[in-house]
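The values are calculated or read from the model by the stated rules, or taken from the named source; none is laboratory data. Being a predicted model, the structure only gives us computed values, none of them experimental. All Cβ positions, even for glycine, are placed from backbone atoms using ideal geometry, and neighbour counts span all protein chains on display.
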Amino acid sequence: MVAEHAQAAASCKEVLMSAGGPLLNRLHRPSGRARQALRRWLARPLATVARRRLARLLQDWRAERALTWPLAVPAVDLVPRVLILAPDPRHLIGSRGDEAMLRALIARLRATRPQLEIGLLCGADTDPALAAGLGCKAVPGWRFPFQLRSAWAQVRDFAPTELVLVGADALDGHYSPLVSAALLVLADLAARRGCAVCTSGFSVNERPHPALAVFFDELSPAVSLNVRDPVSLARLQAFSRAPARLVADVAFLLPPDADGPGLPALRAWSAAQRLRGCTVLALNVHPLLVHQQGPAALQQLLQSVCVALRGLLRARAIALALVSHDLREGDGDDRCLAVLSEGLQAEFGARIHRLDPRCDAAQVKAAMREVDAVVTGRMHLAVAALGMGVPVAVLAYQGKFQGLLQWFGLPESLLVRPEQLTDTAVLTAAMSALLDGRAALAEQVQSRLAQVLAAAALQLEPPAGEPVP
């Protein structure tokens with residue numbers, strides 16, 4: 001095993017070398033635990049700028065709420081319009097997961113109301129063609145640093161009758177508490193103006209940002225919060241008194257597209273591998289799994305994954321399809337998959353295949369038909385696979401995967417926790433559990449799929465007792 005690590009390390013290294021106080025005074029009675037966590041955050045010197053911006057946003061939001069009145073025009077005279085708030089308004093689509101959620105949501109809206117006008121809030125410097133490519137009108141109201149009055153003016157000018165905030169993993173403050181708060185504030189103001197407002201299903205990590213408790217607590221009750229897994233729902237209920245309901249990820253509703261680039265090659269390769277008696281295993285690894293730990297951690301992760309895969313390829317009749325599910329250059333999935341391909345190709349040759357990275361989210365979902373099992377660090381690749389009835393093992397980060405597995409009743413032996421990602425033995429055990437139990441796990445996924453699809457569709461329906469917009 002030591003020799004295996006040394007060999008993988010040399011291969012991976014070679015390829016990598018070439019490749020505040022004011023806010024606390026404005027709190028609206030947060031829970032005791034949230035108050036303590038917020039005090040600790042306020043004491044950090046590096047949080048000074050963010051603290052001031054959040055305090056200013058909270059102040060501006062409360063002032064704007066006093067000036068916001070319901071629409072005076074009767075609803076029958078309004079042009080029906082939906083405004084979508086993407087989880088990353090400046091870039092709209094940062095990963096195939098973002099794309100999957102947006103396309104699934106838009107397709108679902110269009111299915112029932114083909115003539116509906118859909119706007120997509122984006123950055124002032126965002127290429128409008130990105131929104132147009134999704135069948136939406138660009139609403140350029142997002143600036144950095146965020147300015148509530150200008151953003152809210154753009155929302156008002158679009159005059160939506162409905163608003164959907166794509167929650168994803170953007171509302172717990174992990175990436176930016178200011179962006180999370182700003183998205184919640186815009187949704188709140190629209191609800192107070194008379195829009196039908198909901199979030200698509202979002203997740204909550206183990207430590208939501210303490211400054212966001214007041215923003216959730218002061219949301220209008222007209223904002224329908226939808227949480228995409230039972231673990232996240234429990235975390236939100238412990239963090240805030242805002243009411244929420246359980247749904248499944250909206251990306252489960254994305255229709256697969258079998259006409260993508262590289263799919264014919266994948267089908268032919270998979271068929272040939274199965275004729276040889278191989279089980280086809282898809283794999284995704286990406287830098288965000290260890291991004292907080294620096295470049296050395298990424299190299300260690302790739303070494304461990306490479307060792308685990310090499311052992312499985314030698315011991316079992318399996319073939320490996322490397323699948324990218326991210327669009328970002330430089331720090332995206334391909335950076336990791338190139339290293340793994342380079343480290344394995346010489347020994348295993350035709351048993352290694354890389355899916356064409358130009359495949360979009362719907363085409364990647366269709367590609368999951370051609371594999372037998374999936375190991376992934378991308379949540380929405382797991383969603384795509386599970387949506388096609390294919391079992392998964394997951395490389396977890398940001399607390400997003402436990403609840404997803406619970407939807408399908410899958411065991412936690414299929415989950416590799418963040419602190420275990422560089423442990424070759426744990427990686428090997430999780431992959432082996434997936435391969436050994438593949439047939440039974442596939443039946444388990446199929447048995448739960450209809451229930452999950454129904455839960456995914458629920459988020460676009462009003463809560464019980466409320467009229468359909």
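For the reader, a short list of remarks on this structure follows.
- As a summary of the residue check, residue 350 satisfies the conditions (1) crowded, with 20+ Cβ neighbours inside 10 Å; (2) closer than 19 Å to residue 263 by Cα except for the one numbered (1).
- Counted as qualifying within the range 145-249 are the helices (runs of 4 or more DSSP H) with 2 or more residues that are of a type in the set (S, T, N, Q) and either out of contact with any Ser or Thr (no Cβ under 9 Å at 6 or more places or on another chain) or modelled with pLDDT of 95 or more (or both), namely 148-158, 230-239.
- Hits in the range 337-364 (condition: in a helix (DSSP H, G or I) and within 19 Å of the chain's Cα centre (by Cα)): 361, 362, 363, 364
- Residue 272 vs. criteria in contact with a helix residue (DSSP H, G or I) (Cβ under 6 Å, 6 or more places away or on another chain) and either in the same structural domain as residue 188 (by TED's automatic domain parsing) or farther than 23 Å from residue 96 by Cβ (or both): no
- Taking the conditions (1) surrounded by fewer than 16 Cβ atoms within 10 Å (Cβ to Cβ); (2) charged (D, E, K, R); (3) closer than 15 Å to residue 165 by Cα in turn, residue 99 satisfies each one other than (1).
- Matching entry among 324, 304 (being hydroxyl-bearing (Ser, Thr, Tyr), buried (at least 17 other Cβ atoms within 10 Å of the Cβ) and within 16 Å of residue 430 (Cα to Cα)): 304
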